[in-house]
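*Asks:* A single structure is presented below for examination.
The values are calculated or read from the model by the stated rules, or taken from the named source; none is laboratory data. Here the structure is a predicted model, which is why all the values come from computation and not from measurement. With ideal geometry, Cβ positions are generated from the backbone for all residues, glycine too; neighbour counts draw on all protein chains shown. The protein model used for the area step is the full one, side chains on, heavy atoms only, and it has no ligands, DNA or RNA in it. Shrake-Rupley method; radii C 1.70, N 1.55, O 1.52, S 1.80 Å.
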Amino acid sequence: MPFAIRLSQPYHRRMIVQLSHPTRQVEIKGPKRTKELLRELNLVVEAHLVIRGDELVTEDEMLADADRIEIRPVISGGV
Amino acid sequence: MNCTKCPTSTKAVIGLPRHNAAFCKDCFTTFVHEQVARAIKSHKMFTPEDRILVAVSGGKDSLALWHILLKLGYRADALYVNLGIGGYSEESHRKVQLYADTVAAAHGATLLVHVVEQEAGAGIRELATILHRPTCSTCGTIKRYQFNRAAVEHDYDVMATGHNLDDEAARLLGNVLHWQEEYLDKQGPALPASVEGFAKKVKPLCRLSEREIAAYAVLNRIDYIVEECPMAKGSKMLLYKEVLNRLETESPGTKQRFYWGFLDKQTKPESAPESMAAKDQRTLHPCPSCGQPTTADTCSYCKMMAKAKTAAR
């Protein structure tokens, strides 16, 4: 075989994570578990929900680069 | 993680460390309904015949509460107080109205609306400035007044608010930290209509954490306002909740033990506490080995030393 064609990845996708307070987006390298993502962002599990697309996911769920993730805070202060 | 309740072990959508459980969507919805039904029953909040007025704000707790009560078959209308906080109030009002029209109306429930600006001539922010009072306390006074007035004037048997376990635990922590004992009496999940003009007030979500209620709202497609009220920034309640959530993460069940433990103590009949000296005299006796006071047969020091000597041989 005279040539070995190597296809380099032209664009490496990372998971897009939507955050609130303040509203912002960050890109995180996957794959990683939900609880690792929260830890990396220094967020407490008890105060957040992790939503992939429009489905809730548990802390042990594996998240991939192609996923769109929303981390939704659950605390409200108007008491 | 699989559902711990389903015999077929369906994939879970939420883990609940404080219950050492995980649930799929259907089992979680059942769990939430059961917790609310249990709170209503154990605190004698209301019966299926009662007319309930739910205080709604457009947030997850109040809309989830209205949703759950309607699903459980209760006769629940709601009142929304528009506080006139610019875009925030517009958005929350829109979400409440949307829920009322698309879901609540199908259950025969109606929405009442009070607009602060129409009665007071100014929104909450301006009123707080005029009165030289913190915005949150001005807001609290207006909401408590309007919800109570509407409940009494429209002959509702009871007024329900979306206060959850986290709200109650955070408030308890604040009251204990400042030794505000006079407020502790009012921390129960059901406050009677103590005098003429006061509506009975109940908190059917008191057994559920904020995260559980948010999960319920997401799973049941309840469109609520996720943004925090701009006036709540820097609130002490947020700080107390943050502290409690860190404790909860390290030790699941802390919030529940803290608040439910307080409620248990509240319901037990009061008796004069035994003095420390009287209790010691009743329970302590000399250790047969060394003579120092102990509650056990042999004191823990003598037991430890005996064990150490045996091991050293």
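*Asks:* In peptide A:55-61, what is the residue-averaged number of other protein chain Cβ atoms found within 10 Å of each Cβ?
*Replies:* 6
*Asks:* What does the extension gain come out to for residue B:198 and residue B:305, with contour length at 0.36 nm per residue minus their alpha carbon separation? Kindly include the intermediate steps, with their values, before the conclusion.
*Replies:* Details: separation 107, 0.36 × 107 = 38.52 nm, distance 6.42 nm.
Separation in residues times 0.36 nm, less the Cα-Cα distance, equals 32.1 nm.
*Asks:* So, one more: Pop out the Kirkwood hydrodynamic radius of the protein assembly as shown from its pairwise C-alpha distances, inverse of mean 1/r, in Å to one decimal.
*Replies:* 24.1 Å
*Asks:* Other chains near B:226-234: what is the mean number of their Cβ atoms within 10 Å of each residue's Cβ? List each step's numbers first, then the result.
*Replies:* On the way: counts 8, 5, 7, 3, 0, 2, 5, 2, 1.
Partner Cβ neighbours, averaged per residue: 4.
*Asks:* Any chance you could check the Cα centroid distance between segment B:22-47 and segment B:143-177 for me, in angstrom?
*Replies:* Cα centroid of segment B:22-47 versus Cα centroid of segment B:143-177: 19 Å apart.
*Asks:* Show B:28, B:258, B:198 ordered by accessible area, largest first, where the area counts protein heavy atoms only and the probe is 1.4 Å.
*Replies:* The ranking, largest first, comes out as B:198, B:258, B:28.
*Asks:* Per DSSP H run of at least 4 residues, take -39500 (n - 2.57); add these up for the protein assembly as shown, divide by its residues and hand me the 222 nm value, nearest 500 deg cm²/dmol. Each step should come with its number before you reach the end.
*Replies:* Details: 14 runs with 163 residues, N = 392.
Helix contribution divided over all residues of the protein assembly as shown: -13000 deg cm²/dmol.
*Asks:* Tell me, what % of the accessible area of segment B:176-285 is carbon and sulfur with a 1.4 angstrom probe? Don't jump to the answer; show the numbers that get you there.
*Replies:* Working: 3820 of 6750 Å².
Ligands and nucleic acids excluded, carbon and sulfur give 57 percent.
*Asks:* For chain B, set up a GNM with springs between Cα atoms under 10 Å and report which of B:213, B:142, B:68 has the largest fluctuation.
*Replies:* Taking springs between Cα atoms under 10 Å, the residue moving most is B:142.
*Asks:* Now for a separate question. On the protein heavy atoms, probe 1.4 angstrom, tell me the percent of accessible surface of segment B:52-98 carried by carbon and sulfur.
*Replies:* 48 percent
*Asks:* Which residue, B:47, B:141, B:295, tops the fluctuation ranking in a GNM of chain B built on C-alpha contacts under 10 Å?
*Replies:* B:295
*Asks:* Please compute the length gained on full extension between residue B:51 and residue B:10, using 0.36 nm multiplied by the number of residues separating them and subtracting their Cα-Cα distance.
*Replies:* Contour length minus Cα-Cα distance gives 11.0 nm.
*Asks:* On a 1.4 Å probe surface of the protein chains, which of A:21, B:93, B:178 comes out largest in accessible area, and what is the full order?
*Replies:* Of A:21, B:93, B:178, the descending order of accessible area is B:178, A:21, B:93.
*Asks:* Evaluate 2.2 N^0.38 Å with N set to the residue count of chain B, then give the Cα radius of gyration divided by it.
*Replies:* Compactness ratio reported: 1.26.
*Asks:* Then there's this: Please check: in the Gaussian network model of chain B (C-alpha springs, under 10 Å), which one of B:201, B:71, B:143 has the largest mean-square fluctuation.
*Replies:* Judging by the Gaussian network model, the answer is B:71.
*Asks:* In this model, which of A:35/B:186; A:29/B:255; A:35/B:265; B:71/B:200; B:200/B:265 are farther than 32 Å apart at the alpha-carbon?
*Replies:* Beyond 32 Å: A:35/B:186; A:29/B:255; A:35/B:265.
*Asks:* I'd like the antiparallel share, as a percent to the nearest 5, of DSSP beta bridges with both residues in chain B.
*Replies:* Values: 8 of 25 bridges.
Around 30 percent of the beta bridges assigned by DSSP in chain B are antiparallel ones.
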